[in-house]
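The values are calculated or read from the model by the stated rules, or taken from the named source; none is laboratory data. Here the structure is a predicted model, which means the values were calculated and not measured. Every residue, glycine as well, gets a Cβ built from its backbone with ideal geometry; the counts of neighbours run over all protein chains shown. Note: accessible area is taken over every heavy atom of the protein model, side chains too, but ligands, DNA and RNA are not part of it. Shrake-Rupley method; radii C 1.70, N 1.55, O 1.52, S 1.80 Å.
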Amino acid sequence: SGMEEAVSKLEGFIRVSLLLLSKRKKIAQKESPCLSALRPKGLLLRGMRGCGKTTLWKAVSKRLGHDVDVVSFDPIDIVHDKIQVNSVNNKKQLVVLENIDLVIQCGDVQRLMESIRSLVTSQRCILLTASDENIPSQTLHSIVQFLGEQEMIVPSLTERDRKSILMTYLR
């Protein structure tokens, strides 16, 4: 189904990103600026409201299992500067900032960018979610550019996708 393809694509991005991070750590002694420049800082996951962005990243986090510590925040945490992520035994992390479009609508683009910058470390992959209709193109461009030009558009769910998700929840 379309959702399964999206789950696989997102999981692949996160795994590759975290793999690059671990290689970077090993190569750091050789000081390779090329690898550092190539490393994506994260990904913007966007699509229409209700298309399944949250369901998508949660499905991927289950697939990542215990290899990756997943931490998520909602827009209110960003607006109130409540984003703090501690490393757990040098474990790799996926940090999810949900619905960043709501923060942007409030006019807190600067605070959002500061939050994103503060989260960037060699052990993290940052995942942002947003609804398409609420992000001005210049702001969207700035965020995607900062992340290393990494963005994924989630297609709207088909009836088959929705049925599959419902059956999964009912199990």
Discussion item. Give me, ordered by chain and number, the residues 5 or more places off M152 or on other chains with an amide H under 5 Å from its own placed amide H.
Written reply: L44, L45, R46
Discussion item. For I104, what accessible surface area do you get with a 1.4 Å probe? Give it in Å², rounded to 10.
Written reply: 10 Å²
Worksheet item: Counting alpha carbon pairs within less than 8 Å and at least 6 residues apart, what relative contact order, in whole percent, applies to the stretch 34-113?
Response: 27 percent
Discussion item. Whole-Hz ³J(HN,Hα) for each residue in the stretch 81-90, computed from phi via Karplus 6.51 cos²θ - 1.76 cosθ + 1.60 with θ = phi - 60°, x for glycine and proline: what do you get?
Written reply: 6, 9, 9, 9, 10, 9, 6, 9, 6, 6
Worksheet item: Which order do L157, L102 take when ranked by solvent-accessible area (1.4 Å probe, heavy atoms of all protein chains), largest first?
Response: L102, L157
Item to complete: Roll a 1.4 angstrom probe over the protein heavy atoms and tell me the percent of accessible area of the chain that is carbon or sulfur.
Response: 51 percent
Worksheet, complete the sentence: Quick tally, 1.4 Å probe accessible area for T168, T55, T129, T139, sorted with the most first, runs T168, T55, T139, T129
Discussion item. Show me, for the stretch 40-54, the HN-Hα J-couplings you get by feeding each phi into the Karplus relation (A = 6.51, B = -1.76, C = 1.60, θ = phi - 60°), rounded to Hz, glycine and proline as x.
Written reply: x, 7, x, 8, 9, 9, 9, x, 5, 4, x, 7, x, 4, 5
Fill in: Average accessible surface area per residue within the chain, 1.4 Å rolling probe, Å²
57 Å²
Worksheet item: Between M48 and S72, what is the spin-label point distance in nm, taking each point 7 Å from the Cα along the Cα→C-beta axis?
Response: 2.2 nm
Item to complete: With a point put 7 Å past each Cα toward its Cβ, work out how far K62 is from E151 in nm, to one decimal.
Response: 3.0 nm
Worksheet entry | Lysine pairs with alpha-carbon atoms under 19 Å apart, the stretch 46-171, spacing 8 or more or separate chains | 7
Fill in: Relative contact order for the chain, counting Cα pairs under 8 Å that sit 6 or more residues apart, in percent
35 percent
Discussion item. Can you list residues from other chains, or at least 5 along the same chain, whose modelled amide H is less than 5 Å from the amide H of V96?
Written reply: V71, S72, F73, L127
Worksheet item: Residue-wise, which Karplus ³J(HN,Hα) couplings in Hz belong to the stretch 148-154, taking 6.51 cos²θ - 1.76 cosθ + 1.60, θ = phi - 60°, and x for glycine or proline?
Response: x, 6, 9, 8, 9, 9, 8
Worksheet item: What is the set of long-range amide H partners of V120 at a cut-off below 5 Å, with H atoms built 1.01 Å from backbone N?
Response: none
Response to the item:
Simple spin-label estimate for H80/E159, 7 Å along Cα→Cβ, in nm, reads 4.3 nm
